[in-house]
Amino acid sequence: MRKDLLGMKEMTSEEIMLLLKTASSFKDVLKRDIKKVPTLRGRTVVNLFFEPSTRTRTSFELAAKRLSTDVINFSGPSSSILKGESLLDTALTVEALGADIIIIRHSSSGVPHMLAGHLRASVINAGDGTNEHPTQALLDAFTILEKKERTEGLKMVIVGDILHSRVAKSNIYCLMKLGVELRLIGPSTLLPPAFEEIPGVKVFSDMEEGLKDADVIMMLRLQLERQGKGFFPTTEEYFREWGLTKKKLALARPDAIVMHPGPMNRGIEIASEVADGTNSVILEQVTNGLAVRMAVMYHLEQAKGEKRG
Amino acid sequence: MAKKLLDAKEVERTLTRMSHEIIEKTKGTEGLCLVGIQRGGVHLAQRLARKIGETEGAEVPVGSLDISFYRDDIKIRRQPAVSKTEIPFNLDEKKVILVDDVFFTGRSIRAAMDAIMDMGRPAMIQLAVLIDRGHRELPIRADYAGKNVPTSLGERVEVLLAEEGEEDSVLLLSPEEITG
């Protein structure tokens, strides 16, 4: 394993499978009465979040605590940034406090990569701009593997705002390597033609055609905060065209699973009856996120041990 | 050539003797369960449970335990992939026999005891090992030992088992044989 987890782009399928296997053991720990192991006792984990996030930050925080680390949260725009401190200085300061693992979320793509080059601590990308969100892809792969017991040859549909979605990008990088047949669906304004050139990826403009015989359906959140640039007329129209309803779900395989990275916009990208229905694994994704993030921190710490001999 | 410490027949006899010692000391199978430490102890725990079951005419529950998350050497040693922990029974008030193939520094057993204690509150924990090679770094001893073997630190003891596609045997490898 490497020191940092920056993106799924550079990960090998062997590394991905190792992480998922370890995550499965951590998931067993999370089912016990005592949901904590002493694995990383004495280490310090810092959440450095320059973009608002409750779900991801809480998940990382709890995962770190389950590994017996001490956790500190910096949420931005923090006072030091407002005082003019540079991003790198903030990160170096956090490292000087004794951080072993720094988890970064930032609205600009590439920030975790830049910082990783300057830090001895491990860097985990918790979402950088519209680039990647690798632990989300890992937890999605884990959920798919757990439900379908394989990935090779599965037909998976990703629907929605692909253009702005770091979740979609990390998932595409990850699942391609695991042999999943990917279909991307969305309004042409939010689905750049460049995606069609990725090997193993098909682009559909007709949602109903794309859903046929799908094993996995991933609905993306319509990022309302990034809209307002005329990508689509109204949210009602968006739901009519690209929302997942019970009727559209019936086109997929009967045992298809429905996924969503959250937070959900009910009635915009997904109907409530589908989100709460029997095909939905949305809440299991949340649980699996903890196990996967524990596995990532475990392997990154171990990798630093290997290098030191 | 590696020195053969036990051949197939001797492995079998040793395990039979250990199974009898366990029943004698625990006075039967009431509340008894065996937990094999991944990876080397799991098959041995299953074999011991089978032998105890045959002698006593009772089913003895067997679990497997992976101690990766409880190790104290995550930064020193390259760790193997994490195996599964499967203990499909309640450990509270049980007589737990931990089973491992080679007893060395005692650090794995310390980790295993911590793991067991996080999963329940057994009445007691005992330790059964096929080979005790010495060099303890912690105040831990075995309750049942198949064979005591004086070794030097550079040597390695290898337990080969039929379940892994080998012929049952225990080998002592010299430092030259390990690197070569």
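The values are calculated or read from the model by the stated rules, or taken from the named source; none is laboratory data. It should be emphasised that the depicted structure is a prediction, and the values quoted were computed from it without experimental measurement. Using ideal geometry, Cβ is built from the backbone for each residue, glycine included, and neighbour counts are taken over all protein chains shown. Accessible surface is based on the protein model in full, side chains and every heavy atom, while ligands, DNA and RNA are left aside. Shrake-Rupley method; radii C 1.70, N 1.55, O 1.52, S 1.80 Å.
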> Residue check, A:VAL29 against (1) part of a helix (DSSP H, G or I); (2) open to solvent by 30 Å² or more (accessible area, probe 1.4 Å); (3) within 12 Å of chain B (Cβ to nearest Cβ); (4) more than 18 Å from A:ASP140 (Cβ to Cβ), all met but one. Which one?
Replying inline: (2)
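Filtering region A:270-309 down to residues that are in a loop (DSSP other than H, G, I, E, B) and at pLDDT below 95, which residue is farthest from the other protein chains (Cβ to nearest Cβ)?
Restricting to residues being in a loop (DSSP other than H, G, I, E, B) and at pLDDT below 95, the top hit is A:GLY309.
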>> So if I check each of A:SER188, A:SER165, A:SER170, which one is small (Gly, Ala, Ser) and more than 26 Å from A:GLU15 (Cα to Cα)?
In response: A:SER188
> Out of all the residues in region B:87-109, which are within 14 Å of another protein chain (Cβ to nearest Cβ) and either farther than 14 Å from B:GLY36 by Cα or in contact (Cβ under 8 Å) with a residue 40 or more places away in the chain (or both)?
Replying inline: B:ILE87, B:PHE89, B:ASN90, B:LEU91, B:ASP92, B:ARG107
> Does region A:120-138 contain any residue that is closer than 17 Å to A:MET259 by Cα, open to solvent by 20 Å² or more (accessible area, probe 1.4 Å) and either modelled with pLDDT of 95 or more or not aromatic (Phe, Trp, Tyr) (or both)?
Replying inline: no
> Hey, among the residues in region B:110-126 that are within 14 Å of chain A (Cβ to nearest Cβ) and among the small types (Gly, Ala, Ser), which one's nearest to B:GLY36 (Cα to Cα)?
Replying inline: B:ALA112
>> Checking A:ASN47 against (1) more than 14 Å from chain B (Cβ to nearest Cβ); (2) open to solvent by 30 Å² or more (accessible area, probe 1.4 Å); (3) not in a loop (DSSP other than H, G, I, E, B), only one condition comes out false. Which one?
In response: (2)
> When residues of region B:12-71 are filtered for being within 14 Å of chain A (Cβ to nearest Cβ) and out of contact with any strand residue (DSSP E or B) (no Cβ under 9 Å at 6 or more places or on another chain), how many remain?
Replying inline: 4
> Looking at A:LEU154, A:LEU191, A:LEU178, which is the one that is among the hydrophobic types (A, V, I, L, M, F, W, C) and either closer than 23 Å to A:ASN125 by Cβ or under 17 Å from the mean Cα position of the chain (by Cα) (or both)?
Replying inline: A:LEU178
>> Checking the structure you have, find out if any residue of region A:242-260 is within 25 Å of A:LEU154 (Cα to Cα), under 20 Å from the mean Cα position of the chain (by Cα) and open to solvent by 30 Å² or more (accessible area, probe 1.4 Å).
In response: no
> Out of (1) over 18 Å from the mean Cα position of the chain (by Cα); (2) open to solvent by 60 Å² or more (accessible area, probe 1.4 Å); (3) within 14 Å of chain A (Cβ to nearest Cβ), the odd one out for B:GLU167 is which?
Replying inline: (3)
>> Of everything in region A:15-26, what is open to solvent by 30 Å² or more (accessible area, probe 1.4 Å) and of a type in the set (A, V, I, L, M, F, W, C)? Give them in sequence order.
In response: A:MET17, A:LEU18
> Tell me, which strands (runs of 3 or more DSSP E) lie completely within region B:1-67 with 1 or more residues that are in contact (Cβ under 8 Å) with a residue 60 or more places away in the chain?
Replying inline: B:3-6, B:32-37
